[in-house]
Amino acid sequence: QVQLIESGGGLVQPGGSLRLSCAASESIFSINTMGWYRQAPGKQRELVATITSVGITNYADSVKGRFTISRGGAKNTVYLQMNSLNPEDTAVYYCNIRALVYTYWGQGTQVTVSS
């Protein structure tokens with residue numbers, strides 16, 4: 001069974017940066033999109049950023065200009081560079097891969113922005 005393994009979360013001060021990484025435990029064929037979602041306490045899970053197999057990106061308005069999604073050299077890796085973090089970015093961040101009719105989720109990594 002494919003697992004998505006996330007890393008890079010943690011505690012950072014406002015204005016700081018973090019880089020999240022996600023790697024699949026095995027090859028996934030026919031990937032449509034790779035992306036990141038987040039869920040803050042008491043809120044629904046929301047899209048942060050996605051990237052298609054041909055490199056087209058999409059961002060939530062709240063992170064445009066601050067976050068950058070990219071794919072790794074290995075086919076099944078995706079990154080999220082987060083700059084100028086603010087307390088509203090505090091959430092559990094989930095990696096997501098959609099391939100054919102399948103959707104894979106990571107277990108989440110906590111990002112906390114606080115002074």
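Observations on the structure shown:
- Using heavy atoms of the protein chains and a probe of 1.4 Å, the accessible area assigned to SER115 is about 130 Å².
- For the chain: relative contact order, % (alpha-carbon pairs under 8 angstrom, 6 or more apart): 37 percent
- When a 1.4 Å probe is rolled over the protein heavy atoms, the share of accessible surface on the chain that falls to carbon and sulfur comes to 48 percent.
- Restricted to Cα atoms, region 35-115 shows a radius of gyration and a Dmax of 12.7, 42 angstrom.
- Stretching the chain fully between SER21 and ASN83 yields a gain of 20.9 nm (0.36 nm per residue, less the alpha carbon separation).
- Estimated dipole of the chain in Debye, rounded to 20 [Cβ of Lys and Arg +1, of Asp and Glu -1, Cα centre]: 140 debye
- Based on C-alpha pairs under 8 angstrom that are at least 6 apart in sequence, region 41-96 has a relative contact order of 23 percent.
- Residue among THR109, SER62, VAL12 farthest towards the positive dipole end of the chain, charges placed on Cβ: SER62
- On a per residue basis, the chain carries 55 Å² of accessible surface, using protein heavy atoms and a 1.4 Å probe.
- Per-pair calculated FRET efficiency, R0 = 30 Å: SER7 and ALA40 via Cβ, rounded to 0.05: 0.90
The values are calculated or read from the model by the stated rules, or taken from the named source; none is laboratory data. Quick caveat, the model's predicted, so the values are computed rather than measured. Cβ coordinates were reconstructed from backbone atoms using ideal geometry, including for glycine residues, and neighbour counts include every protein chain displayed. When the accessible area is computed, the model is the full protein with side chains, heavy atoms only, and any ligands, DNA or RNA have been set aside. Shrake-Rupley method; radii C 1.70, N 1.55, O 1.52, S 1.80 Å.
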